[in-house]
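Here the structure comes first, spelled out in structure tokens, and everything after it is commentary.
Readers should treat all values here as calculations from the given coordinates under stated rules, not as data from a laboratory. Predicted, not measured: the structure shown is a model, and the values here were computed from it. When we count neighbours, we look across all protein chains shown, and the Cβ atoms used for this are built from the backbone with ideal geometry, even at glycine.
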Amino acid sequence: MNTTAHSILTDPVPTVATGTSLVAFSNLRLNREWKTMEAMMKIHCRDHHNTTSLCAECQGLLNYANVRLDRCRFGEVKPTCAKCPVHCYQKTRREQIRGMMRYAGPRMLWEHPIMSLRHWLDGFRKAPEI
């Protein structure tokens, strides 16, 4: 693993005073996917780890998701991960993300209804051919 990838996986994502992350993708679709992932992770961590900000474990998982999203081979035409033909997450990380999404997904309807609706609509995207 190169040093850049290692530092991304181990270092926390910097945040500004308002609590929003500085991570931004040039592509609007990927940026929306990132914000959805971040919102779901915050809900999960808040309710399971009783913290106001992300704990080290959740921040590490979010950093890992950031690297995977950044390196997604489909880019703008990316389907939701559940419909993707390429499983780029490690098996243990995939299970962690699934558990987090299983918990936070229904709660997103109340906390982030527009983001939730957009993610649901993204689920209808067809997976690109490999």
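Observations
- Å³ per residue enclosed by the Cα convex hull of the range 53-96: 85 Å³
- Projecting the Cα positions of THR80, MET40, LEU30 onto the charge dipole of the range 30-130 (unit charges on Cβ atoms of Lys, Arg, Asp and Glu, taken about the Cα centre) puts THR80 furthest along the positive direction.
- Counting only Cβ charges, +1 for Lys and Arg and -1 for Asp and Glu, the dipole size of the range 33-130 around its Cα centre is about 260 debye.
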